[in-house]
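The values are calculated or read from the model by the stated rules, or taken from the named source; none is laboratory data. Please read all numbers here as calculations on a predicted model, not as lab measurements. Here the Cβ positions follow ideal geometry from the backbone for every residue, glycine too, while neighbour counts run over all protein chains shown.
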Amino acid sequence: MTRSLPLFGLFAGLLLCSRLAFADWWNFWSDQMVEQKVQVVEPFIEMRTGPAAGFPVVHVSEKGEWLTLLKRKTDWIKIMDAEDREGWVAVEDLLLTHDATGKQVAITEPRFDDFRTRRWEAGLQMGEFDSTAVNSAYVAYWMTANLSAEASLSQVLGNSSEIQMASLSLLHQPFPSWRYSPFFSIGGGQIDIKPKATLISVENSSNSMAHAGIGMRCYVSDRFFVRLEVKEYKIFTNEERNEEATEWKLGLSVFF
Amino acid sequence: METWIKRVFLGLTVRQCVCVLLFAMHLPVSLADDNKPLIAPDVKPQPVDESLIDTENFELGVLAGYISIEDFESSFLYGARAAYHLTERFFLEANIGFAEAGETSFEKLAGNVQLISDEDRDYRFYNVSFGYNILPGEAFMQGLFSGDTFAFNTNFYLVAGAGATDFAGDNRFTANFGAGYQLLMTDWLSLHLIYRQHMYDIDVLGETKTSQNTEFSTALTVFF
């Protein structure tokens, strides 16, 4: 069980991240088929076969035509025109259309400003823990613009031992409106050290630990950002002295 | 002449003038009235509600194929694949996979020798990777019975990432890179053909070396 802990954590994290997707599903089934329609007000709008700029344009809808919005993939929306032709339109093009009230369509593209309204953050990180490769996944909840709480799972795979860590931390970012936003973290958790089979006479050890760190969130685009951090660990052992370790990690995160 | 014109205008009674005026005024009004629907629809125009648009950025599915485990033959591989699409180009993916390693050539030649126990031959891995859709496109296929040609959206993508492999009594940090071809049968159902190289350091056969393990697999995934 402990061996599959990071794996389980990773998928649990992914599931949690999909909160938004499930909410959409729920709406989709419960609020069945309230047609979302928009009218083209620019001279024309292009429909593509798939949700990317690389797919060919197969149809052009003219000014005045009504389009029904069907589904969304990243920044593309599948639409159907009055003659049941289907295609994918970029959200930025749809933002120039009007809805039935005659006003500009209110569809949001995830932007840097959304940091202030979004509450959840999740990410994957890789780096080194005490000069050994570490993989890590985390989920964070933003309590205020400055303060967030997060849970993370890490797996360190060294030549002499395998380490698994689970920890909770508090993060403070003093300048939430900065695109490159530094933060400080403090937290604690559990660390399990399993020596490799070739080293005999060393037993598995499970200790508590505490850590403090600094890092930076660098907003890239849409809903994702790069996160870099350095942490100093203090491991409370049963031996005469405690152990220390330094960790750095780099990863990609998403906010919801 | 002048008296004739005077006679026409001055001779009109007040009542006749009012009639002419009313008729002239009434004409456009009555035309407009004809265009109005008999029953006015009692529907308020609704603005677009973004939350009612179904988003499909997650992908989840199963994979099966073969993995060549260095020094331990090729084995059947099965597992699961999950992906989250950040933009039309970038995505994150996570994979888990299970296989059972075969025998080394040493074990085969030496006969009754076992280098690692049967239990240690269980090959398990997980990895998380960043992916990039490098070539979106279309594939055209002839229908089997109808003779119609169908167009499917496709993506050719590259992936690179890291994870761990549990094999031969040890759990090792594993880097991976690869490429995939995705065929979207519908907007929500897709088929992947995947090539992936798994690399980790291993010392089971004496000296430490980087083990190269090649995976060829197919995955069937649904978007939600």
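To keep it simple, each residue is scored yes or no on (1) of a type outside the set (Val, Ile, Thr); (2) away from chain A (no Cβ under 14 Å).
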site	(1), (2)
B:73	yes, yes
B:78	yes, yes
B:88	yes, no
B:92	yes, no
B:96	no, no
B:102	yes, yes
B:116	no, no
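Every residue, every condition in (1) at pLDDT 90 or above; (2) loosely packed, with under 15 Cβ neighbours inside 10 Å; (3) under 17 Å from residue B:51 (Cα atoms); (4) touching a Gly at 6+ places or on another chain (Cβ under 9 Å), yes or no:
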position: A:62; (1), (2), (3), (4): yes, yes, no, no
position: A:77; (1), (2), (3), (4): yes, no, yes, no
position: A:80; (1), (2), (3), (4): yes, no, no, yes
position: A:83; (1), (2), (3), (4): yes, yes, no, no
position: A:93; (1), (2), (3), (4): no, no, no, no
position: A:100; (1), (2), (3), (4): no, no, yes, no
Consider residue B:171 against the criteria (1) farther than 24 Å from residue B:62 by Cα; (2) without any contact (Cβ under 8 Å) to a residue 12 or more places away in the chain: it satisfies all of them except one. Which criterion is unmet? (1)
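Is there a residue being small (Gly, Ala, Ser) and modelled with pLDDT of 90 or more anywhere in region B:83-96?
For region B:83-96, residues small (Gly, Ala, Ser) and modelled with pLDDT of 90 or more: present.
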Could you list, in sequence order, the residues of region A:102-125 that are under 15 Å from residue A:217 (Cα atoms) and at pLDDT 85 or above? A:120, A:121, A:122, A:123, A:124, A:125
First in region A:120-145 and at the interface with another protein chain (Cβ under 9 Å from one of its Cβ atoms), second anywhere and of a type in the set (Ser, Thr, Tyr) and not in a strand (DSSP E or B), Cβ under 9 Å, 6 or more apart: A:132/A:160
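Which residues, taken from region A:34-73, are within 11 Å of chain B (Cβ to nearest Cβ) and free of Cβ contacts under 8 Å to residues at least 24 places away in the same chain? Talk me through it step by step, then tell me what you get.
First, the residues of region A:34-73 that are within 11 Å of chain B (Cβ to nearest Cβ): A:34-39, A:48-56, A:58, A:67-73.
Matches in region A:34-73: A:34, A:54, A:56, A:70, A:71, A:72, A:73.
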Across (1) in contact with a Pro (Cβ under 7 Å, 6 or more places away or on another chain); (2) surrounded by 14 or more Cβ atoms within 10 Å (Cβ to Cβ); (3) modelled with pLDDT under 85, residue A:216 clears everything bar (3)
Residues (free of Cβ contacts under 8 Å to residues at least 24 places away in the same chain and assigned to a helix (DSSP H, G or I)) located in region B:108-143: B:108, B:109, B:110, B:119
Against the conditions (1) out of contact with any Leu (no Cβ under 7 Å at 6 or more places or on another chain); (2) closer than 26 Å to residue A:55 by Cβ; (3) not β-branched (Val, Ile, Thr), where does residue B:191 fall short? Just the number, please. (1)
Just one listed residue, out of B:76, B:140, B:156, B:106, is among the hydrophobic types (A, V, I, L, M, F, W, C) and within 30 Å of residue A:254 (Cα to Cα), and it is B:156
